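See below for the structure under consideration.
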Amino acid sequence: MKWELDMQHVTDEMLAEAINGLSDTTFDTHAVEQRVLRKYPVAVAHEIIEHQHNDDVLQQFSASFSKRIAAAFPGQVDKVQKIASPNPPLQQTGPA
């Protein structure tokens, strides 16, 4: 879907800065997400708001964020394995 890659507030420059600042040799998208969130919280908040129509806003934002990184840096970041997300699935509480 186009909206997955159409982030308007988090820029390629923000992503590059976060990626270049990683100290671990293993690339982790969640680490990039955390670095961008810490340095540019308002931009990330705007992107999260764009996902307000989804049932699990944070999970969908994280998925879009990962796809944006892959699109912004084609051939430079390869997915080698899936790591369990720190964002657990949304749990419903109360009557269904």
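Restricting attention to region 1-14, and to residues there that are in a helix (DSSP H, G or I) and at pLDDT 85 or above, which single residue is farthest from His53 (Cα to Cα)?
Step one: list which residues in region 1-14 are in a helix (DSSP H, G or I), which gives 2-4, 12-14.
Now narrow it down to the ones that are at pLDDT 85 or above: 12-14.
Details: Asp12: 24, Glu13: 27, Met14: 25 Å.
The residue in question is Glu13.
Hey, can you tell me all the residues within region 33-60 that are out of contact with any helix residue (DSSP H, G or I) (no Cβ under 7 Å at 6 or more places or on another chain) and of a type in the set (Val, Ile, Thr)? Within region 33-60, Val42, Ile49 qualify. Looking only at residues in region 15-37 that are aliphatic (A, V, I, L, M) and closer than 23 Å to Ile49 by Cα, the one that is modelled with the lowest pLDDT is Ala31.
Among residues of region 50-75 that are within 12 Å of Glu33 (Cβ to Cβ), those with a Cβ under 7 angstrom from a residue that is at pLDDT 90 or above, sequence gap 6+ or separate chain, pair up as Phe61/Glu47; Phe61/Ile48; Ser62/Glu33; Phe65/Glu33; Ile69/Leu15; Ile69/Val32.
Condition first: assigned to a helix (DSSP H, G or I) and without any contact (Cβ under 8 Å) to a residue 40 or more places away in the chain. Now tell me which residues in region 15-37 satisfy that. Show your work before the answer.
As a first pass, look at region 15-37 and keep what is assigned to a helix (DSSP H, G or I): 15-20, 29-37.
Residues satisfying the conditions are Glu17, Ala18, Asn20, Ala31, Val32, Glu33, Gln34, Arg35, Val36, Leu37.
Gln81 meets each of the listed conditions (1) of a type outside the set (Asp, Glu); (2) at pLDDT 90 or above; (3) loosely packed, with under 11 Cβ neighbours inside 10 Å apart from (2). For region 38-67, a tally of residues being charged (D, E, K, R), at pLDDT 90 or above and either under 13 Å from Thr11 (Cα atoms) or in a helix (DSSP H, G or I) (or both) returns 3.
The values are calculated or read from the model by the stated rules, or taken from the named source; none is laboratory data. Everything numeric here is computed off the predicted structure, so don't read it as measured data. Here the Cβ is made from the backbone with ideal geometry for all residues, glycine too, and neighbour counts use every protein chain on show.
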